[in-house]
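Chemist: I have a structure here, written as structure tokens, and I will follow up with some questions on it.
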Amino acid sequence: MSAHTAIDRYLDDLPFSVDAFQETALRSIAHGRSVVVTAPTGAGKTVIAEGAIAVAREGGHRAFYTTPIKALSNQKYQDLVAQLGVHAVGLLTGDNVINGDASVVVMTTEVLRNMIYEGSRGLDDLTVVVLDEVHYLADRARGSVWEEVIIHLPSHITLVCLSATIANPEEFTSWIRARRGNADLVVEAFRPVPLTTMYAYRDRHAGNATLMHPMFTSHGKPNPHLARLTRPTRDRHRRLSVPRRTEIVDLLAAEELLPAIYFVFSRKGCDHAARQIAASSLGLTTRGEQAEIRAVAERHTAAISERDLAVLGYGGWLETLEQGAAPHHAGLIPAFKEAVEELFLRGLVKVVVATETLALGINMPARTVVLDSLSKFTGEGHDLLMASDFTQLTGRAGRRGIDEHGTAVVLYSPHVPFDRATGIAGSGSNPLRSSFAPTYNMVVNLIARYDRSRALDLLGASFANHAAQHRIHTLEENLADKHRDLATFEEAARCERGEIWDVYDGSQRLNTEAKVDRSLLVIGAVVRIDGGLFTLANRSWGGGHPKLEFIDERGRKTTLRSSRLPKEAQRVGLLNLPRPVRASDQTYRDEVAALMEAFIPDENPLPLIPAVEGIASCPDFDKHMAWVDRARRTRREIERLERRLVKATGDDIVEAFWSLHGVLTDLGYVDGWSLSPRGESLRRLYNELDLLLAEVLESGALMGLSVPTFAAAISLFTFESRGDDAVSFTPTDFDGVLDTVGVRHASIIDAEHRHGIDQQRVPDSGFVEVIEAWAGGFALDEVFGRDDVGAGDFVRSARQLLDLLRQIRDGFPGYHNLADRAITAIDRGIVAVGGP
């Protein structure tokens, strides 16, 4: 069956008619072309992905669906199982393998990258790869993975790249096309459910009522009423204040704008806000709904023992749920989050208070989205949201087929001016920028899989390099234009009367203004102006241009500024005027006029304004100077562009590769373009601290450890504290391990310093004590006592540790048994339940 026939059958089986952009993308896929699809959340990008999967399956081939996070992979797996059947769909998330040989496999993007480097047979007969949320390529921590996949996948594989937030899709598509051949861009700007962005505040002048108005006019301009209202004043009693969360929910309920997702960028903040809403008297649920909520919660937590549920704070969580509110964040165990997702989709939970991870494609649309703040903590400080962040978060608002429009609510903040808020809310998205950077693991895998020339070509194929080449081309074109402009301006500045560059350098103007010889302008001086004679009767030297009073031959008074004297004005003699001089007296002026009738001009008159010679005498001198100014500005622009061009042409990626190669050479992992046995082992470690972990494992220092202590030692490389949202533990009986890690870390830092590489992060011991206890057989309440703090983080961190332990088991034969026993010791109870 042809791909076009497969698409026709797929479209015929759909219970609705597809939109034009969906059919355009599907027809491109049928022609074997990759596609980049950018469309608003809820517009139906999933239809395109599932159509591409149908094409692969109808041809007897395989399709992979990749996502940035395990939760989204799990959800997509369940969706596809419901459509295609459990035997047709598999799941690979690093710590879970379900039906990995299926025709359709859902996975995190890292898993696909690892399969490519390992030359996995699972790639055989693969013809379609869906890269969902492809804008994650810009993520500083993980974005390189998306580029590695796009670069290394065989070119015959069709890519389906999906995103709602790319401001430069043309540039991104041109890279895909340059790297892989045929690729089409499909852009859909229409949002199926229109979005209205509201601005909420408490108004002291309205009895502290919480009010809400549109942020923008019907023409898309910032609301002038809100702009005036939020303008800073000198009133020490600020009129506006931040609304309480319960007031916002109450207002949404009154306006029939529930269900809502309330984004709070802190796990503790989510928990607190959900409890606040549940404890209020809003009455979000009926008794019947509460019974349904309880049944769903019990079903999702049935595999967890009562003893563990007590540690997890199940009773308080259930009580909050029953009141129609719930938190949703990475600190909750999967069973809790999955229950919340089902209850929200069924309309039983009316308000979910979530961190931004909920915005990553999880199917939880709402009628309204509220942003508690326009800034979030980045780990180093608080930064304002990017426009793409805002678009991603508010994309949840408006349920297609249910709501006529969606609503986003931004809360007033005294720390974020209204114009900044509208700038974030109105921009839409940000340009996609590469975060590609070589790692030690990437270096050894490139050496293992390609010859030197091919590997360097692949590094040059990154989106970062493509963007750099585009910038270089643009800069070179701009430079050529500026050089042409400079030649034109320099030619226009030329003057046949002299070299203007000798008298005017653009910083100090040559003053060519006619200057009067003041010594000639004494009282009684007779001046010839335009053929007539005038006697100077008074003068005032104040200011830049003296004021002169003359009496002419007919006895009239004339006042001139010296600057108004014509260049041809001459002093032709002196009159001995009667004293005192009374130029305002007509009788006096008549007397002076009589004297002038008898006056005989000198034969050698004196010019009042000395002649200007050379280029300064050119009547177009000011124009020449203007061209000099333009030429000088253009020269500065050329210098700036040349500096940017030098910076842009620096191949930072290749340079970084060779720096990492140098470190690996120093430490015995590579020799020229070949790997040592240590380098072969490093290929299997996909970890931020990959080289340090390899060094510690190769040292043999972990060989004699017990299973619990070995698990704790490996946790040094997976755990990373999150400040207030994480729990830190003090390591016990761990001095030998920490000493070995410290020595190896110092040796790597020395090698990196020699090769100009930034220092890698320090291993984190914050998970050591808790995982040592868990791997030692302790129960959950013995690990956490009566405090439920960190239980969700514990499950997440334990499953990350399991993923790395499997890598060690499969890549380091000497640790196979120890790592396998550690996996068994950890993957039990709530940790095992935490998997899909």
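Chemist: To the nearest 20 Debye, how big is the dipole of region 305-359 about its Cα centre, given +1 on the beta carbon of each Lys and Arg and -1 on that of each Asp and Glu?
Modeler: That gives a dipole near 100 debye.
Chemist: Report relative contact order for the chain in percent, whole number only (criteria: Cα-Cα under 8 Å, sequence separation at least 6).
Modeler: 11
Chemist: I've got another one for you. GluC sites (Glu not before Pro), restricted to region 188-289: which are DSSP loop and have at most 10 other Cβ atoms within 10 Å? Mind showing how you got there, number by number?
Modeler: On the way: sites: Glu188, Glu247, Glu255, Glu256, Glu289; in loops: Glu188, Glu255, Glu256.
In loop regions of region 188-289 (DSSP not H, G, I, E or B), the sparsely surrounded GluC sites (Glu not before Pro) are Glu256.
Chemist: With charges set only on the Cβ (+1 for Lys and Arg, -1 for Asp and Glu), what does the dipole of region 138-180 come to about its Cα centre, in debye to the nearest 20?
Modeler: Values: 5 positive and 5 negative charges, 19 e Å.
Using Cβ point charges on Lys, Arg, Asp and Glu, region 138-180 gives about 100 debye.
Chemist: For the chain, state the average projected area of the convex hull of the C-alpha atoms over all orientations, rounded to one decimal in nm².
Modeler: On the way: hull surface 210.7 nm².
Projected over every direction and averaged, the Cα hull of the chain covers 52.7 nm².
Chemist: Rounded to the nearest 0.05, what FRET efficiency do Arg299 and His225 give with R0 = 51 Å and r taken as the Cβ-Cβ distance? Could you check?
Modeler: The pair Arg299/His225 has a calculated efficiency of 0.55.
Chemist: Expressed as a whole percentage, what fraction of the accessible surface of the chain belongs to carbon and sulfur atoms when a 1.4 Å probe is rolled over the protein heavy atoms?
Modeler: 48
Chemist: How large is the charge dipole for the chain, taken about the Cα centre, if only the Cβ atoms of Lys, Arg (+1) and Asp, Glu (-1) carry charge, to the nearest 20 debye? Walk me through the intermediate numbers first.
Modeler: Details: 92 positive and 111 negative charges, 572 e Å.
Dipole magnitude for the chain comes out near 2740 debye.
Chemist: Using the Karplus equation 6.51 cos²θ - 1.76 cosθ + 1.60 (θ = phi - 60°), what ³J(HN,Hα) coupling, rounded to whole Hz, does each residue of region 69-82 give in order, writing x for Gly and Pro?
Modeler: Values per residue, Gly and Pro as x: 9, 5, 4, 6, 4, 4, 5, 5, 4, 4, 4, 6, 4, 4 Hz.
Chemist: Let me know the volume per residue of the alpha-carbon convex hull for region 624-666, in Å³.
Modeler: It comes to 44 Å³ per residue, whole-number rounded.
Chemist: Right, another one. Check the straight Cα-Cα distances from Lys623 and name the lysines below 16 Å, setting aside those fewer than 8 residues away within the same chain.
Modeler: Partners found: none.
Chemist: Could you tell me which of rounded, prolate or oblate describes region 355-503, using a ≥ b ≥ c as the square roots of the eigenvalues of the alpha-carbon gyration tensor, with rounded for a/c under 1.5 and, failing that, prolate when a/b is larger than b/c and oblate otherwise?
Modeler: Cα axes put region 355-503 in the oblate bin.
Chemist: Per-residue counts of other Cβ atoms within 10 Å, averaged by peptide: what ranking do you get for 697-707, 334-344, 820-830, highest first?
Modeler: Values: 697-707: 16.7, 334-344: 22.4, 820-830: 18.9.
Sorting 697-707, 334-344, 820-830 by mean packing, highest first, produces 334-344, 820-830, 697-707.
Chemist: Which of the pairs Lys70/Lys376; Lys45/Lys647; Lys221/Lys482 have their Cα atoms more than 28 Å apart in this structure?
Modeler: Beyond 28 Å: Lys45/Lys647; Lys221/Lys482.
Chemist: Simple spin-label model, 7 Å along Cα-to-Cβ: Glu476 to Asn604 in nm?
Modeler: Result: 7.0 nm between the two label points.
Chemist: Can you compute 3J(HN,Hα) from phi for each residue in region 707-719, using the Karplus curve 6.51 cos²θ - 1.76 cosθ + 1.60 with θ = phi - 60°, rounded to whole Hz and x for Gly and Pro?
Modeler: 4, x, 6, 4, 4, 5, 5, 5, 5, 4, 9, 10, 8
Chemist: Turning to a different aspect of this structure: Please give the net charge around Leu26, taking every other residue with its beta carbon less than 15 angstrom from that of Leu26, where Lys and Arg add +1 and Asp and Glu add -1.
Modeler: Local net charge: -4.
Chemist: So, one more: Putting +1 on Lys and Arg Cβ atoms and -1 on Asp and Glu Cβ atoms, find which of Leu251, Pro607, Val351 reaches farthest to the positive end of the dipole of the chain.
Modeler: Pro607
Chemist: If each residue of separation counts as 0.36 nm, what is the full-extension length gain between Ile749 and Arg121 once their alpha-carbon separation is subtracted?
Modeler: Fully extending the segment from Ile749 to Arg121 adds 222.4 nm.
Chemist: Using alpha carbon centroids, what distance separates region 666-724 and region 53-89, in Å?
Modeler: 33
Chemist: Still on this model: Report the semi-axes of the equivalent ellipsoid for region 649-723 in whole Å, largest first, where each axis is √(5λ) for an eigenvalue λ of the Cα gyration tensor.
Modeler: For region 649-723, the ellipsoid semi-axes come out as 28, 18, 8 Å.
Chemist: Considering the convex hull of the alpha carbon atoms of region 1-151, report its projected area averaged over all viewing directions, in nm², one decimal.
Modeler: Seen from a random direction, the Cα hull of region 1-151 projects 8.9 nm² on average.
Chemist: Now, a different point. Once you have the Cα-Cα distance between Ser2 and Asn168, take 0.36 nm times their residue separation minus that, and quote the gain in nm to one decimal. Provide the component values of the computation, followed by the final result.
Modeler: Details: separation 166, 0.36 × 166 = 59.76 nm, distance 3.33 nm.
Result: 56.4 nm gained on full extension.
Chemist: Can you tell me the accessible area per residue over the chain, all protein chains present, probe 1.4 angstrom, in square angstrom?
Modeler: Working: 38520 Å² over 836 residues.
Solvent-accessible surface per residue comes out at 46 Å².
Chemist: Further question on the same structure: How big is the antiparallel share of DSSP beta bridges in the chain, given as a percent to the nearest 5?
Modeler: 45
Chemist: Quick one: compute the contact order of region 58-112, relative version, from alpha carbon pairs under 8 angstrom and 6+ residues apart, as a percent. All intermediate terms of the calculation are to be shown ahead of the outcome.
Modeler: On the way: 89 pairs, mean separation 23.4, N = 55.
Value for region 58-112: 43 percent.
Chemist: If I take every Cα pair under 8 Å that is 6 or more residues apart in region 642-700, average their sequence separation and divide by the length, what percent do I get for the relative contact order?
Modeler: 16
Chemist: For region 78-142, build the charge dipole from Cβ charges (+1 Lys, Arg; -1 Asp, Glu) around the Cα centre, then report which of Ser120, Ala82, Gly100 sits farthest towards its positive end.
Modeler: Looking along the dipole axis, the top candidate is Ser120.
Chemist: If Rh is defined by the Kirkwood formula over all Cα pairs and Rg also comes from Cα, what ratio Rg/Rh do you get for region 175-228? Provide the component values of the computation, followed by the final result.
Modeler: Numbers: Rg = 20.5 Å, Rh = 15.1 Å.
Over the Cα atoms of region 175-228, Rg/Rh equals 1.36.
The values are calculated or read from the model by the stated rules, or taken from the named source; none is laboratory data. As the structure is a computational prediction, the values presented were derived from the model and not from experiment. All Cβ positions, glycine included, derive from the backbone under ideal geometry; neighbour counts span all protein chains shown. To get the accessible areas, we keep the full protein, side chains included, count just its heavy atoms, and leave off ligands, DNA and RNA. Shrake-Rupley method; radii C 1.70, N 1.55, O 1.52, S 1.80 Å.
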